[in-house]
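Accompanying notes for the structure given below.
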Amino acid sequence: MVRSDGVDIHDGPWHMRVTALADDILRVRAAAAEDLPEDASWAVSPEMRGRSIRVSASQVGAGVEFHTAALSVRIERSPLRMVVSDFQGHVISADTATQAIEAMGGGFMLRKALAQKEHIFGLGDKTGPLDRRGQAFTLWNNDSYRFQESTDPIYKSIPFFVAAGGPGGSYGILLDNTWRSWFDFGKQDPQTLALGAAAGPIDYYLIYGPSTHHVVERYTDLTGKPPLAPAWALGFQQSRYSYQSAAEVHAIADRLRAEHIPADVIWLDIDFQDRNRPFTTNAVTFPDLPALARDLKQQGLRLIVITDLHIAAAPNQGYSPYDSGIAGDHFLKRPDGAVFVGPVWPGPSVFPDFTRAQTRAWWGSLYRDFVAAGIAGFWNDMNEPSVFETPTNTLPLDTQHRIAEPGFAQRSATHAEIHNVYGLLNSRATFEGVRQLDPNERSFVMTRASYAGGQRYAVTWTGDNSSTWNHLKLSIPMLLNLGMSGFAYSGADVGGFIGTPSPELMTRWIEIGAFAPIFRAHSEKGTPQKEPWVHGAEQLRIRKRFIEERYRLMPYLYALADENSRTGAPIMRPLFYDFPDALDAPCHQPTAFLLGDRLLIAPPPELASPQVYEICLPAGGWYDYWTGEPVAVRAAAKSASGAPSSQTIRVTPALDRLPVFVRAGAILPSQPLIQSTSQTPQGALSLDVYPGESCHGTIYADDGHSMAYVQQGYLRQQVRCVRTAAGMDLEFDAREGGYQPWWHQVNVRVHHWTGGAEAFFDGKAIADPVTRSGTLSVTIDDPQGASRLSLNAASAR
């Protein structure tokens, strides 16, 4: 049957509905019954699911065809299959010609053709190489202590992938099914992409690019953008399992400041609590938590505490979270109706039923005292959920949830259905509760387990990694795939959680971590300390230099965070995200990545090796970040079209150096060094100009912590550089927003400039720029409105 926004089609027992939500997004639902399953989702809002556009549909043979402004969609009968193409006839995605949809017990399998040159990315922080092609994965949230490169499943279930490099360009598929599911990207059959679930609905979204960045950004249109993080969340963060007392925390804070190591956060793991009971404090070792938070804040440090979801089963002991939870009927039940009790850190524990809106509200209210105490953020760990001494390492699958949520039919559901979304709902309850308690401040929550859409509520990390070179290397594709799965704010425990890093490993990890979205050092109980000063003065000198560089780059990082909150673009990206030809670059560079679209970081592909290695720089020109000079390339590879696709350089590894490159045409904002984001930089904002094509940059600022930015309390300004016959012009657009920044002047530095120059700001001559070591520098008053800085070349005097 033809519909105004798509088609309904029947073939044998199958009923399929294809809806055009937008010109570039299709929703496909199917069932082996007349009626489709309930239209409900934890990942995609009712508003997004309710969208559609009008399409023109017609009968074509035994099938139906319709078109959007971007896609041609054909649904065939006998066998039932869907083929999606662009208007040039390139197939974007096609179901296989036989058994494209198959019932399997209570579940299903879908099969799609896998094009020869397609690469696959996403699924969150699954282990292994960046490209998922040739691998198969299970999605089932699991506490994966000591995970390794081949461990699967691990902590998160994000059933979304991006395919790139095929004949129709990039596309993505979100399988919105919370049951145990699986994806096979050509492992069993190299030409078949298969996916399925043990039960639950066939409900998926196909998102068309043709660029990868368009697919990822449209995915976050479906599942939600991460909220803008507080600026301090981008700073260096020090943690340990566990700092055992307030005195030890004070000592860590004092040492950070005495060593002049920039830092913004100290974390408390479970030992700050009374008998490991969430929402308590050990009155002996942490006698005054509000005073500790206050003292740290005076040093420019925020305090984050862990709040695991397992509530100690402690009747008649005055433990309020248990007593109020029992009174409100907020805990999960066994099939016989009794509250489920299982062992975790506090001993016998009970578990909130986060599928109930009223339970999430109750959970959020438990943060009242912590928020009043000045705790800046909260850490939801163990929320797969992890349960000790059970065969499955989690709740029994017949544990009962009672769904009471707008947009869902009220009903009971087993844990087999809810397991993969349980961590998301935990972090949602925390985020919404803290926002309710302190609506003027940005809420910060970190979660270990999650599902598609979890980026709306929490940042994340890669879990219990190990202090090995392999785990440092492994962390890079994990973070990149998280970014392409919506989680732009992610990190790996710097130095490794389990074990003891060598001095060289710890130093290299800090260097690379300085360019990751979340920069937190963390370590396990019983392992040596992993603060930056361990291993002596020389290692500290190197580590400190990279931490300091991150703080100088904070205006660039913060502008990327702003971009992510508006568009969903990842902060940390694979090279091909902005340079598609990098998919087939001749260099082996599994550790290279982009920070935004301006900086390229290229650690050695074998991180512990001293051997010379090659870096493929995408076409277009690059500068060395550390010297400001253009990169001299050895050779230029060519793409299939014959155009230059990459430039090759050779690098000799050294522990105190990390190759970082700036894209030609970048304008990078930076600031004077500070010791924390709560400190006001002294001096001018700097704009480093690296001449090249499409020369531009963005300046962004706000107060760094409040919600004022949603009501015009921000500053956003675009800057462009244009070559002229006389030299170069810098054009400042009029500013958006009403925020008044900390700087009063802007220092412009143009790299690779020869000779002298004369400077004119809005037509008025100003002090001549200074040229030193190939960099021209000139300072101007803060250009608050549309302005122009003209730099006219002149002979050196």
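The values are calculated or read from the model by the stated rules, or taken from the named source; none is laboratory data. From a predicted model like this one, the values you see are computed outputs, not experimental measurements. Ideal geometry is used to build each Cβ from the backbone, glycine not excepted, and the neighbour counts take in all protein chains shown. With ligands, DNA and RNA removed, areas are computed over all heavy atoms of the protein, side chains included. Shrake-Rupley method; radii C 1.70, N 1.55, O 1.52, S 1.80 Å.
Of note:
- Rg/Rh for region 16-160, where both radii come from Cα atoms and Rh is the Kirkwood radius: 0.99
- Dipole of region 683-794, positive end: most advanced residue of Gly697, Val746, Ala726 [Cβ charges, Cα centre]: Ala726
- Peptide packing: for 401-412, 210-221, the average count of neighbouring Cβ atoms within 10 Å per residue gives the ranking 210-221, 401-412, highest mean first.
- Over all orientations, region 333-411 has a Cα convex hull whose mean projected area works out to 6.7 square nanometres.
- Dmax and Rg, reported as Rg then Dmax, of the chain (C-alpha, Å): 27.0, 90
- Tail weight of P(r) past 18 Å, computed on alpha-carbon pairs of region 449-494, percent: 26 percent
- Region 50-110: projected area of the alpha-carbon convex hull, averaged over directions, in nm²: 5.6 nm²
- Charge dipole (Cα centre; +1 on Lys/Arg Cβ, -1 on Asp/Glu Cβ; no other charges) of region 74-213 amounts to roughly 120 debye.
- Portion, in percent, of the accessible area of the chain that falls on carbon or sulfur, probe 1.4 Å: 51 percent
- Highest mean first, the peptides 256-268, 272-284 sorted by other C-beta atoms within 10 Å per residue fall in the order 256-268, 272-284.
- Rg over Rh for region 379-494 works out to 1.01, using Cα positions for both radii and the Kirkwood form for Rh.
- Bridging of Lys297 to aspartates and glutamates at a Cα separation below 19 Å is possible for Glu248, Asp254, Glu259, Asp264, Asp269, Asp288, Asp369, Asp438, Glu441, Asp703, once same-chain residues fewer than 8 apart are set aside.
- Residue-averaged [θ]222 nm for the chain, counting only DSSP H segments that reach four residues, each worth -39500 (n - 2.57): -5500 deg cm²/dmol
- Modelled spin-label separation between Gln611 and Tyr145, with each label point placed 7 Å from Cα along the Cα-to-Cβ direction: 3.7 nm.
- Volume in Å³ per residue [convex hull over Cα atoms, computed for region 213-300]: 142 Å³
- Scattering profile of region 667-781 at q = 0.11, 0.12, 0.15, 0.24 Å⁻¹ [log10 I(q)/I(0), Debye over alpha-carbon scatterers]: -0.40, -0.48, -0.73, -1.50
- Here's the picture: charge each Lys and Arg Cβ at +1 and each Asp and Glu Cβ at -1 in region 510-589, and of Gly568, His588, Phe546 the one pushed furthest to the positive end of that dipole is Phe546.
- Candidate aspartates and glutamates - alpha carbon under 20 Å from Lys764, same-chain residues fewer than 8 apart omitted: Asp729, Glu731, Asp733, Asp781, Asp782
- Descending semi-axes in Å of region 257-410, equivalent ellipsoid built from Cα gyration tensor: 32, 17, 15
- Overall dimensions of region 283-372, expressed as equivalent-ellipsoid semi-axes from the Cα gyration tensor (√(5λ), whole Å, largest first), are 30, 15, 11.
- When you count the other C-beta atoms within 10 angstrom of each residue and take the mean per peptide, 482-494, 69-81, 110-122, 149-161 line up highest first as 482-494, 149-161, 110-122, 69-81.
- Per residue, the convex hull spanned by the alpha carbons of region 472-596 comes to 112 Å³.
- Remark: region 582-696 projects, on average over all directions, an area of 8.8 nm² (convex hull of Cα atoms).
- Extension gain for Ile326 to Val91 (0.36 nm times residue separation, less C-alpha to C-alpha distance): 79.0 nm.
- This model, with +1 at the C-beta of Lys and Arg and -1 at the C-beta of Asp and Glu, gives region 537-619 a dipole about its Cα centre of some 480 debye.
- Each part gets one Cα centre, and for region 362-426 versus region 298-354 those centres are 10 Å apart.
- Phi-derived couplings, Karplus 6.51 cos²θ - 1.76 cosθ + 1.60 at θ = phi - 60°, listed residue by residue for region 703-714: 6, x, 8, 8, 8, 4, 5, 7, 10, 6, x, 8 Hz, with x used for Gly and Pro.
- Accessible surface, per residue, of the chain when the full set of protein chains is kept, probe 1.4 Å, Å²: 35 Å²
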